[in-house]
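Data block below; observations after.
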Amino acid sequence: MNRFDLRPDPSGGFDFLVDGRFLRELVFEGEDMQECEVSLLRRGLPSGVAREQIRRLKGELPGQFFPERVWLYFCEECYDEGCGGISARVQVGSERVVWSDFRHDSPSDTDDEAAHFDDEDAIPAVGTLVFDRVEYEAALDRVAEQLGRSFVAFWRSTDALNQATLGLERVVSRRQLRKRSPDPREGLQWTVNGRPLARLLSDAAGTLSRTGPGLQSDLRFSVVQECRDSSAEVGRNAIRLLLGEGTWEELPGRVPLLVGEGLDVACGSITAHVDRLDSIVVWSGFRVHGAGPEGDGHPYDRKLTFTFDRRQHDETLRRVVERI
Ligand SMILES: [Zn+2]
């Protein structure tokens, strides 16, 4: 039996989480994910589209072309089957739901499923998946409820499934208030929904392997600070990377976010993988790196991701970059 859940993915929709992994990553293994088809469980589509898709997945409506075959991933430009996508056989039993026979699909010109597919359409990397029906339906119902919420409730909610607000704020600790002049290194801190990122990461440190937890406790300073020395350039570079300008040569696709007291990335850092999409920016795959060239670093729980509204994310960063 496989575990079933749904989570927001870097495409901005909800993807199926199978045994803790995004199904989309399994189906499109090794491909450029930004080019790959996406699920219909998302905002911004005509009303009813996501709801109907959920009913198909529950077996309440027949599949798009063949009754037991439900399309899972669609063209991310137009969501039309005409552009091709991925379908699977979905069988809803009284206690189990079985997904099998994953294939690349296109609109059918025949009533005969066997005649419609070639062997090369098959996706052997994903075998047969068996889910508990209660767990499966509960996860789909949660997403239906999320997608059905009003726009205002959506923005006010701090639910982990929704988009977060990024801040880079001057946070002064009590210890600093007792000092005459605040330490410039502690001036700016990343915040997510108003909570310091350093604290969110330290709360999540329990999932780090081996030496990770010890390493991360020193890495609590934002790489972006207002001090006017050589470290200012490092901060500006991090902001450029977050804005999609250029690539970090050390770890392409990643951005250093938190560093140690010396504000030196080479002495250790916490990095995230940053995906910039049409309307959202996703920070995921957080890792702790020790000093020097340390390769992959220590990963946090992969469920630790933040999805920001792209405009809010970028405006926050541009405001700061003008100041430093
Ligand atoms: Zn299309």
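The values are calculated or read from the model by the stated rules, or taken from the named source; none is laboratory data. None of these values were measured; they are calculated from a predicted model. Glycine gets a Cβ as well: all are built from the backbone with ideal geometry, and neighbour counts include every protein chain shown. Note: accessible area is taken over every heavy atom of the protein model, side chains too, but ligands, DNA and RNA are not part of it. Shrake-Rupley method; radii C 1.70, N 1.55, O 1.52, S 1.80 Å.
A compact table of results
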quantity	calculated
Index of the failed condition, Ile86 passing every other in (1) within 16 Å of the ligand (Cβ to nearest atom); (2) part of a helix (DSSP H, G or I); (3) of a type in the set (A, V, I, L, M, F, W, C)	(2)
Hey, Pro256 crowded, with 18+ Cβ neighbours inside 10 Å and of a type outside the set (Gly, Ala, Ser) or not	yes
Pick from the stretch 68-81, criterion over 19 Å from Asp5 (Cβ atoms) and at pLDDT 90 or above, ranking: nearest to the ligand (Cβ to nearest atom)	Cys75
In the stretch 225-240, the residues that are within 22 Å of Val282 (Cβ to Cβ) and either open to solvent by less than 30 Å² (accessible area, probe 1.4 Å) or not assigned by TED's automatic domain parsing to the domain that holds Val265 (or both)	Gly235, Ala238, Ile239
Every residue from the stretch 93-107 that is more than 15 Å from the ligand (Cβ to nearest atom), touching a strand residue (DSSP E or B) at 6+ places or on another chain (Cβ under 9 Å) and either outside the structural domain of Pro62 (by TED's automatic domain parsing) or open to solvent by less than 50 Å² (accessible area, probe 1.4 Å) (or both)	Val97, Val98, Trp99, Ser100, Phe102, Arg103
Residue that is farthest from Ser106 (Cα to Cα) [pool: residues in the stretch 35-67 that are within 16 Å of the ligand (Cβ to nearest atom) and among the charged types (D, E, K, R)]	Arg42
Boolean, Val38 is closer than 26 Å to Phe308 by Cβ and out of contact with any Ser or Thr (no Cβ under 8 Å at 6 or more places or on another chain)	no
Subset of the stretch 1-57 (residues that are within 18 Å of Glu76 (Cα to Cα), surrounded by fewer than 16 Cβ atoms within 10 Å (Cβ to Cβ), of a type in the set (Gly, Ala, Ser) and under 14 Å from the mean Cα position of the chain (by Cα))	none
